[in-house]
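Structure, as structure tokens:
Where a number appears in this text, it was derived from the coordinates with a stated rule and is not lab data. Since we're looking at a predicted model, the values are computed, not measured. Heads up, the Cβs are rebuilt from the backbone with ideal geometry, glycines too, and the neighbour counts pull from every protein chain shown.
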Amino acid sequence: MTALIIPDKTKLDKPPLEIHYLGDRVLRSPAKRIAKVDDKVRQLAREMLQTMYSSDGIGLAAPQVAVNKQMLVVDSDPENATNPPLILINPQIKSASKELCDAQEGCLSIPGVYLDVTRPKVVEVAFKDETGRPRRIKAKGLLARVIQHEMDHLNGVLFVDRVKNDLMLTDELTKHNFSVKAVKPIA
Ligand SMILES: [Zn+2]
């Protein structure tokens, strides 16, 4: 039954959900816990996956489609039809490595902008999957980065808030017609 909620990775001309962009306040409000994993939640997950694949993304958080809920979908290998996506409901970081690493990030809510962000290299994450079952994974590499980026969205934080290089940040945002004023730097 739950297998049905995972869509194939076809790109749709008209994805079911609308992605909101930097400057939109829906991206800044903290998401609420999901009390029960029911068919409505599964339907949202399915539509988020379809929207993510259609937009060539590797992760999407519910606030990006103006849904104020703690859910994110991730697929770090979208070109591979057999790699299953992950659906994370009420995710929590249980531990993060002291070792940090830098890598370039982008975001479906800030199209065209790519900048370096420093994050822990490995994270252990607890969450509920689409069946409501509690799960725990240790993520590293790209997966660890995507999960941390998407979990930031659940707290109203965007990757540009974490960019240290002000000059590059201003340059990239301006070039893509985003306002620097929409950034809320993390102290
Ligand atoms: Zn994002």
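Note on residue 97 and residue 116: their simple-model spin labels are 1.8 nm apart, each label 7 Å out from Cα toward Cβ.
Can you tell me how region 61-110 classifies by the Cα gyration tensor, rounded, prolate or oblate, using a/c under 1.5 as the rounded cut?
On the way: a/c = 1.35, a/b = 1.11, b/c = 1.21.
Here region 61-110 falls in the rounded category.
Where a ≥ b ≥ c are the square roots of the eigenvalues of the C-alpha gyration tensor, would you call region 1-53 rounded, which needs a/c under 1.5, or, failing that, prolate if a/b is larger than b/c, or oblate?
Values: a/c = 3.41, a/b = 1.18, b/c = 2.88.
Because a/c hits 1.5 or more and a/b fails to exceed b/c, region 1-53 counts as oblate.
Report note on the peptides 104-113, 24-33, 147-156, 76-85: ranked by the mean count of other C-beta atoms within 10 Å, highest first, their order is 147-156, 104-113, 24-33, 76-85.
Rounded to the nearest 500, the 222 nm mean residue ellipticity of the chain from helices alone is -7000 deg cm²/dmol, with -39,500 (n - 2.57) taken per DSSP H run of at least 4 residues.
About its Cα centre, region 25-181 has a charge dipole of approximately 820 debye under the convention of +1 per Lys or Arg Cβ and -1 per Asp or Glu Cβ, with nothing else charged. Between helix 141-154 and the chain there is an angle of about 90 degrees, using the helix long axis and the longest principal axis of the Cα atoms.
The H on the amide N of residue 115, modeled in the peptide plane, is under 5 Å from the matching H of 105, each at least 5 residues off or on a different chain. Using alpha-carbon pairs under 8 Å, 6+ residues apart, how would you state the relative contact order of region 104-187 in percent? In percent, rounded to a whole number, it is 27. Between amide H atoms placed 1.01 Å from N, distances below 5 Å from residue 135 occur with 127, 128, 129, all of them 5 or more places distant or on a separate chain.
Return a whole-number percent for the relative contact order of region 25-181, with Cα pairs under 8 Å and 6 or more residues apart as the contact set.
Working: 280 pairs, mean separation 37.4, N = 157.
It rounds to 24 percent for region 25-181.
Ordering 5, 35, 63 by the projection of their Cα atoms onto the charge dipole of the chain, which places +1 on the Cβ of Lys and Arg and -1 on the Cβ of Asp and Glu, puts 35 at the extreme positive end.
Here the spin labels are modelled as points 7 Å beyond Cα on the Cα-Cβ line, and at residue 55 and residue 170 they lie 2.8 nm apart.
Quote the FRET efficiency, to the nearest 0.05, computed for residue 136 versus residue 24 with a Förster distance R0 of 25 Å and r equal to the Cβ-Cβ distance. The partial results should precede the final answer.
Numbers: r = 33 Å, r/R0 = 1.31.
It comes to 0.15.
Quick one: grab the alpha carbon gyration tensor of region 1-112, order the square roots of its eigenvalues as a ≥ b ≥ c, and give me rounded if a/c is under 1.5, else prolate or oblate depending on whether a/b is larger than b/c. In terms of gyration-tensor shape, rounded.
Just to be sure I understand: of the beta bridges DSSP finds with both ends in the chain, what percent are antiparallel, rounded to 5?
Numbers: 25 of 26 bridges.
The antiparallel proportion sits near 95 percent.
With a threshold of 31 Å on the Cα-Cα distance, the over-threshold entries among 69/94; 32/138; 9/69; 9/181; 121/181; 9/32 are 9/181.
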